[in-house]
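I have placed the structure first, in the form of structure tokens, so that the comments after it can refer back to it.
The values are calculated or read from the model by the stated rules, or taken from the named source; none is laboratory data. This structure is a prediction, so every number in the text was calculated from the model and none was measured. Cβ placement follows ideal geometry from the backbone for every residue including glycine, while neighbour counts extend to all protein chains displayed.
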Amino acid sequence: MDFYYNKKLQVSFGVLLLSKFSSDPAFITNRPQNKTVKENETVQLYCKADGNPEPTILWSKVDGSTLQGDTNKTTYSITQSKRTNSGEYKCTATNTVGGDSKEATAVVFIDVQCE
């Protein structure tokens, strides 16, 4: 009887390990929203992603121009916005599944208007 109990315990333990180490590609769960703001206002863009392993977030500007500040967070902030901040911004979530890099993107538009 003890042998059966130990064998059953090992099988149960193996199932727990499989579920713990399963992989899911990155996917965006909360997409950023387009924004219209006045000059000198603060703009916050929010993008949330899930996956296993946990994805990293990177904000970039679609036109390729350099962003100021920390671009590796779920929230990207622009303080004292200027007209030059207008444009499309991209949230990219990336993780590695089975040795391959998986990525999901969302694009948001910011329109900064004169005061």
task = Out of the residues in the range 69-99 that are in contact (Cβ under 8 Å) with a residue 60 or more places away in the chain and surrounded by fewer than 19 Cβ atoms within 10 Å (Cβ to Cβ), state the one that is nearest to the chain's Cα centre (by Cα).
result = Thr94
inquiry  = Filter the range 67-88 down to the residues that are assigned to a loop (DSSP other than H, G, I, E, B), among the polar types (S, T, N, Q), at pLDDT 90 or above and more than 17 Å from Thr105 (Cβ to Cβ) and list them by number.
reply    = Thr79, Gln80, Ser81, Ser86
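Determine whether the range 31-54 contains at least one residue that is of a type in the set (Gly, Ala, Ser) and outside any strand (DSSP E or B).
No: the range 31-54 contains no residue that is of a type in the set (Gly, Ala, Ser) and outside any strand (DSSP E or B).
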